[in-house]
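Novice: Right, I'll just put the structure down here and ask away after.
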Amino acid sequence: MNGPGNDLKSMTGIAASGANIILFSTGMGTTEGNAITPVIKLSSRTEIFHRMHEDVDFNAGVLLDKNISLDQLSEQLLNLVIEVASGKKSRAEIWEKRSF
């Protein structure tokens, strides 16, 4: 999507374009979610994941930190997306971070 870079505005734009789930990658960590679409937050660094473990759903930093293949990491992420699509609450939903 070509749109604003601000976290809240971009999530709103993505939801407005018809997304059913938002995969939101973050380098510094964001705690926000969306009012109408579940947001799965991905940390790009393990340090952020550990510091914000209550707010971030998935640690993509393990790709660089551990001996894990891109295929394995992709499968883990796909499984998480399926779980959320099936009703599991994302961290933003648990904490009721429903910005719009």
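Novice: Can you find a residue that is modelled with pLDDT of 90 or more, within 16 Å of residue 94 (Cβ to Cβ) and surrounded by 21 or more Cβ atoms within 10 Å (Cβ to Cβ) anywhere in segment 27-35?
Specialist: Checked against the condition, which is being modelled with pLDDT of 90 or more, within 16 Å of residue 94 (Cβ to Cβ) and surrounded by 21 or more Cβ atoms within 10 Å (Cβ to Cβ), segment 27-35 yields no hits at all.
Novice: Those residues that are in contact (Cβ under 8 Å) with a residue 12 or more places away in the chain and either in contact with a helix residue (DSSP H, G or I) (Cβ under 7 Å, 6 or more places away or on another chain) or open to solvent by 70 Å² or more (accessible area, probe 1.4 Å) (or both), I need them from segment 50-63; list them, please.
Specialist: Correct list: 51, 54, 55, 56, 57, 58, 59, 60, 61, 62.
Novice: Taking into account only those residues within segment 84-100 that are in contact with a helix residue (DSSP H, G or I) (Cβ under 7 Å, 6 or more places away or on another chain) and among the small types (Gly, Ala, Ser), which is most open to solvent (accessible area, probe 1.4 Å)?
Specialist: Among those residues, the one meeting the criterion is 99.
Novice: Hey, another quick one. Looking at segment 68-83, can you tell me whether even one residue there is open to solvent by less than 20 Å² (accessible area, probe 1.4 Å), β-branched (Val, Ile, Thr) and under 22 Å from residue 13 (Cβ atoms)?
Specialist: No, segment 68-83 contains no residue that is open to solvent by less than 20 Å² (accessible area, probe 1.4 Å), β-branched (Val, Ile, Thr) and under 22 Å from residue 13 (Cβ atoms).
Novice: If you don't mind, another one. Report yes if some residue within segment 70-81 is assigned to a loop (DSSP other than H, G, I, E, B), within 11 Å of the chain's Cα centre (by Cα) and touching a residue at least 40 places away in the same chain (Cβ under 8 Å); otherwise report no.
Specialist: no
Novice: Of everything in segment 11-26, what is within 11 Å of residue 57 (Cα to Cα) and open to solvent by 40 Å² or more (accessible area, probe 1.4 Å)? Give them in sequence order.
Specialist: Answer for segment 11-26, where residues must be within 11 Å of residue 57 (Cα to Cα) and open to solvent by 40 Å² or more (accessible area, probe 1.4 Å): 23, 25.
Novice: Of these, 22, 36, 68, 40, which one is aliphatic (A, V, I, L, M) and in contact with a Pro (Cβ under 8 Å, 6 or more places away or on another chain)?
Specialist: 22
Novice: How many residues are in a helix (DSSP H, G or I) and of a type in the set (Val, Ile, Thr) when one looks only at segment 49-69?
Specialist: Looking only at that region, the number is 1.
The values are calculated or read from the model by the stated rules, or taken from the named source; none is laboratory data. All figures in this text were calculated on a predicted structure; none of them were measured in a lab. With ideal geometry, Cβ positions are generated from the backbone for all residues, glycine too; neighbour counts draw on all protein chains shown. The accessibility values were calculated without ligands, DNA or RNA, using every heavy atom of the protein model including side chains. Shrake-Rupley method; radii C 1.70, N 1.55, O 1.52, S 1.80 Å.
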